[in-house]
Amino acid sequence: MLPIRPESADCFHCGEPLPAVPSRVVIDGASQAFCCDGCASAAQWIRDARLGDYYRLRSENAGKVDVDSVDFALWDRDDLMRDHIRHIEGDREITVLSDGMRCAACAWLIDRALRREAGVVDAGANAVTGRIRIRWNPARTQLSILLRRVASLGYRPFLSGGEAREEARRVERNQWLIRLGVAGLGAMQAMMFAEALYLDTRGEMSMATRDFFRWVTILVSSPVVFYSGWPFIAGMLRELRGRRLGMDTLIASATLLAYGASVIETIRGGPHVWFDAAVMFVFLLLAARMLEQRARNIASAQVDALARARPALATRELADGSREAVPLAALEVGDIACMAAGDAVPADGVLLEAHASFEEALLTGESSHVSKQVGDSVFAGTICRERPARICVREVGANTRLSQLARLVEQAQAHRPPLARLADRIASHFVAALALIAVAVYITWRVIDPSRAFEVTLALLVVSCPCALSLAIPTALSVAHGALAKLGVLAMRPDALETLAAVTDVVFDKTGTLSDGRPLLADVETFHGFDRAEILRIAAALERDSGHPLARAFDGVDDALIATDVLSVPGFGIEGDVDGVRWRLGRAAFVGADGRDDQSELWLGDGTRVIARLGIRESTRADALDAITALRELGLRLHLSSGDGANPVARIASALGIDDVHSRQTPERKLAFVRSLQNEGRCVAMVGDGLNDAPVLAGADVSFALADGAALAQRAADLVIAHPSLQRIPETIALARRTRRVIRQNLAWALGYNLLALPLAAAGFVTPWMAALGMALSSLTVTLNALRLTRQPKVETSAHRERAATAMPVTTPP
Amino acid sequence: MAILLFLVPVSIILLGIAIWAFIAAVRGGQFDDLDTPPIDILRDDDAEDLPRHDDRAD
């Protein structure tokens, strides 16, 4: 849990660096600072609602609260929400996605906050899948009121698109659980009865009792073999149709053989039955598979939630100029769609306005707005900024760029890593060889001792099933990916983790990866007797709607004045009327000041005189120092190779203690640098933002892209860090190393086990139940060993404790 | 050994009840979210003595 310090340089609610003038609210007797009004009022509400425990329970900071929240009125329209709302006994129910939920405490908070609202019948939030379920009474409240409450706490709701698929996944998971439950309970009973038979060592049991026990065992083991074991049987049928031998064939045939032979023995009253082997086999393998699947699902649910966050409603302009709201699915190619400022673009299209700007963060990760001219392409999922815009729709639904990218992510996830495929191939050959050996052993034993031939062959088949071998790598990898997803890291290339474990050098591609790009007000110098607060109010008023990246420096000014007739002069500054005075804010020359023309300074003037100089600086990421220290403690060599000028690069490098610094690097030279390291035999990890540095990232052995805010699964890198924390890099590398270690242990164990068990079984030293237990235990050992990866040892460094100031003044030239 | 004729069917019935209960729990959504509920018990729930928003408005 994060320590909550009364006086920290970060926002109390969301943990972002504070602006020069933070909002303040008294929480629990201490005055706390906030980065913006949204966060402050969220915290205030949480305190008033006596939900302050949220701050104690949470393990991650909250998301920043966006004050200019969306208009939720459309969510109340029944005709539009028809497909998303379920009617239950007079109540309504909806499931929405939210991107801000980061830990269980968020879910707890949402849950409590909604239940406090009038008219809410039931509410539930799931932090793992990012879903919020709300059931309300339409007579007493409206959905828009509830959603505004959720949004005001920093969790912006989205409609989830794949409701049906979501439901299908849940049903499938539940079916697996039921299979496992039936197998567990059934196997327990079957083994109990089998035990009764085994304990009769002196053969005192009467034949009638013995047969009674056997028939009862058939009764309890049949559902286990056929219902719980159905995935294996179905897998065998699939493999046989595809004419290949796989794990399922071996598992299912061993199970069916054991079961079938036992039934025959029961009917003709033979000396042995092997029901216990069959049920144990099914139960333990099912458990191993379930664990593997669970790890996989956690990893994918988080990508899904973000990739599918897109608007559910669109505004269409009709031929007569009137507008109507329509569901996204009703939008067609050729329609004209309108967006208000702050709305997400519903489809790909061509801009009809002369000027507009869009935030393309979801597609490209570029957090500053992109200006577009009439005729430019606009993409679904981007957000319209500053002013309303209209587009002519060109692509809808699955053809939009957003959908295509989401598909790419899914493909990357479905891809089996080469190492795992190799293990599968080996296992497949192994199965074929094993079948031959089994036949040979059977024939041999027919000659030596016909009565034991079947039993020995069965034991051989069961004990030497290479399940552990084929589980060794996938379980470790999927558990590791699950752990990665929990860290907020998405692996875009399946073998990224393997490479990462071997990394010796880390190259930071840009200064921007170490600083967070957020402008901060460094200092304010006023002239002619104006006071600082006055200046900030005027500047904030002018910048408020400019959409200029520098505007964020004034985010914390809450009592800004109103500016009218604001005119933006690109490259110079901005001018507008505030309280009847025409102000100019911008470069020295624009305002008429006699100063250096430096982007790190803004000047404010009223046309006749210069009133103030505002120094702007860029803050380093709060955790950069911790992360660098942790990386060094992992024994990695660190380099900084930046396109920026020598001064700012040197300043950042010395602040963080990076020795090997290269400034003014072109992409070609960065690539050459990476190559030269690789020629020395080093394995290089590159950290960039995945935007315009894709070729350099691709040249490295493995690459990281940092993505603030919404997870940008689309960046060109092997690993995308969706969580705004550099600390994730050392954590990921440490995890990769542990994964490699676990994979090696698993392989050694699985191979050793099989090599040992095979001759023992062939020699007749192993009975079928021992075989099932041994085989399954070896599979379980492998899986449990892999599950150790979910436990995260925190990368603690000395810098953690010594960390004082989080923001350092650093300026970057254009 | 006649007691077995009684006890074994009883164990089978108990097994059936256990499976039925498990299936009911799965279908009832008990296993849908294993991460959020644990945090609920970490604090005393004093929600009852707080006025709900609608009551306050009255």
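Each residue in the range A:424-468 was checked for being over 18 Å from A:ARG244 (Cα atoms), part of a helix (DSSP H, G or I) and modelled with pLDDT under 75, and 1 of them qualify. Only a single item in (1) modelled with pLDDT under 70; (2) under 28 Å from A:GLN665 (Cβ atoms); (3) assigned to a loop (DSSP other than H, G, I, E, B) is not met by A:VAL503, and it is number (1). I'd like to know if the range A:236-252 contains one or more residues that are surrounded by fewer than 24 Cβ atoms within 10 Å (Cβ to Cβ) and within 24 Å of B:ILE12 (Cα to Cα). Checked against the condition, which is being surrounded by fewer than 24 Cβ atoms within 10 Å (Cβ to Cβ) and within 24 Å of B:ILE12 (Cα to Cα), the range A:236-252 yields no hits at all. Only residues that are small (Gly, Ala, Ser), buried (at least 16 other Cβ atoms within 10 Å of the Cβ) and either at pLDDT below 70 or outside any helix (DSSP H, G or I) (or both) were counted in the range A:41-68, giving 3.
Hey, any hits in the range A:214-227 for a residue that's under 36 Å from the mean Cα position of the chain (by Cα) and either surrounded by fewer than 20 Cβ atoms within 10 Å (Cβ to Cβ) or free of Cβ contacts under 8 Å to residues at least 40 places away in the same chain (or both)?
Yes, some residue in the range A:214-227 is under 36 Å from the mean Cα position of the chain (by Cα) and either surrounded by fewer than 20 Cβ atoms within 10 Å (Cβ to Cβ) or free of Cβ contacts under 8 Å to residues at least 40 places away in the same chain (or both).
A:MET205 falls short on exactly one of the conditions (1) part of a helix (DSSP H, G or I); (2) within 14 Å of another protein chain (Cβ to nearest Cβ), and that condition is (1).
Evaluate the following for A:ALA771: is it surrounded by 24 or more Cβ atoms within 10 Å (Cβ to Cβ) and either closer than 30 Å to A:THR457 by Cα or over 24 Å from the mean Cα position of the chain (by Cα) (or both)? For A:ALA771, the condition - surrounded by 24 or more Cβ atoms within 10 Å (Cβ to Cβ) and either closer than 30 Å to A:THR457 by Cα or over 24 Å from the mean Cα position of the chain (by Cα) (or both) - is met. Taking the range A:167-178 as the range and being facing chain B (nearest Cβ under 10 Å) and of a type outside the set (Val, Ile, Thr) as the test, the residues that pass are A:ARG170, A:ARG173, A:ASN174, A:GLN175, A:TRP176, A:LEU177.
Inspection of the range A:150-157 identifies no residue that is of a type in the set (Val, Ile, Thr), surrounded by fewer than 24 Cβ atoms within 10 Å (Cβ to Cβ) and closer than 27 Å to A:ASP343 by Cα. Candidates A:GLN665, A:GLN714: the one that is touching a helix residue (DSSP H, G or I) at 6+ places or on another chain (Cβ under 6 Å), assigned to a loop (DSSP other than H, G, I, E, B) and at pLDDT below 85 is A:GLN714. Does A:GLY130 satisfy the condition of being more than 12 Å from chain B (Cβ to nearest Cβ), small (Gly, Ala, Ser) and under 20 Å from the mean Cα position of the chain (by Cα)? Spelling it out, it is not the case that A:GLY130 is more than 12 Å from chain B (Cβ to nearest Cβ), small (Gly, Ala, Ser) and under 20 Å from the mean Cα position of the chain (by Cα).
Restricting attention to the range A:118-142, the residues being charged (D, E, K, R) and surrounded by 20 or more Cβ atoms within 10 Å (Cβ to Cβ) number 1.
Restricting to the range A:76-118, name every residue that is outside any helix (DSSP H, G or I), facing chain B (nearest Cβ under 9 Å) and either over 16 Å from A:ASP53 (Cα atoms) or at pLDDT 75 or above (or both). Those that are outside any helix (DSSP H, G or I), facing chain B (nearest Cβ under 9 Å) and either over 16 Å from A:ASP53 (Cα atoms) or at pLDDT 75 or above (or both): A:GLU117, A:ALA118. Selection of the range A:423-449 for residues being touching a residue at least 40 places away in the same chain (Cβ under 8 Å), among the small types (Gly, Ala, Ser) and crowded, with 18+ Cβ neighbours inside 10 Å yields A:ALA423, A:ALA427, A:SER428. Residues in the range A:573-583: is at least one in contact with a strand residue (DSSP E or B) (Cβ under 7 Å, 6 or more places away or on another chain) and at pLDDT below 75? Among the residues of the range A:573-583, not one is in contact with a strand residue (DSSP E or B) (Cβ under 7 Å, 6 or more places away or on another chain) and at pLDDT below 75, which makes the answer no. What is the one condition in (1) part of a helix (DSSP H, G or I); (2) in contact with a Leu (Cβ under 9 Å, 6 or more places away or on another chain); (3) within 14 Å of another protein chain (Cβ to nearest Cβ); (4) under 22 Å from A:TRP769 (Cβ atoms) that A:TYR227 does not satisfy? (2) is the only condition that A:TYR227 fails.
Close Cβ contacts (under 6 Å, 6 or more residues apart or on different chains) running from residues in the range A:170-192 that are over 15 Å from A:ALA288 (Cβ atoms) and assigned to a helix (DSSP H, G or I) to residues that are of a type in the set (S, T, N, Q) and modelled with pLDDT of 90 or more comprise A:VAL182/A:SER228; A:ALA190/A:THR217; A:ALA190/A:SER221.
Yes or no, residue by residue, for (1) part of a strand (DSSP E or B); (2) modelled with pLDDT under 70; (3) under 32 Å from the mean Cα position of the chain (by Cα):
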site: A:SER253; (1), (2), (3): no, no, no
site: A:ALA258; (1), (2), (3): no, no, no
site: A:ALA261; (1), (2), (3): no, no, no
site: A:THR266; (1), (2), (3): no, no, no
site: A:GLY270; (1), (2), (3): no, no, no
site: A:PHE283; (1), (2), (3): no, no, yes
site: A:ILE298; (1), (2), (3): no, yes, yes
site: A:GLY321; (1), (2), (3): no, no, no
site: A:GLY342; (1), (2), (3): no, yes, yes
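The values are calculated or read from the model by the stated rules, or taken from the named source; none is laboratory data. Since the model is a prediction, treat every value here as computed from it, not as a measurement. Reconstructed Cβ throughout: ideal geometry from the backbone, glycine too, with neighbour counts over all protein chains shown.
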